[in-house]
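Report on the following structure.
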Amino acid sequence: MATAKKIPAVAARKVNKLNCKKYDRIDRLFCSSLDEKTTMSLDINNELFPCAVGD
């Protein structure tokens, strides 16, 4: 039986910046990992998943 490889997940440390200029219900989050080596930008629906800087 083949075993699945475990791929480590990148844990977002916090939301560094929010950009909500272009669309009414969509925010772009700018986040960083726990070790500060990985950054991520993510578009979310702010009505379903409200976020703030520092979350």
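All of the numbers you see were taken from the coordinates with simple rules; none came from a lab. Predicted, not measured: the structure shown is a model, and the values here were computed from it. When we count neighbours, we look across all protein chains shown, and the Cβ atoms used for this are built from the backbone with ideal geometry, even at glycine.
For region 14-54, the residue among Asn16, Leu34, Cys51 whose Cα projects farthest onto the positive side of the dipole built from Cβ charges is Asn16. At R0 = 25 Å, how high is the FRET efficiency between Lys21 and Ala52 if r is their beta carbon distance? Nearest 0.05 is fine. E between Lys21 and Ala52, to the nearest 0.05, is 0.95.
Each of Asn45 and Ser32 was given a label point 7 Å from its Cα along the Cα-to-Cβ line. The distance between the two points is 3.1 nm.
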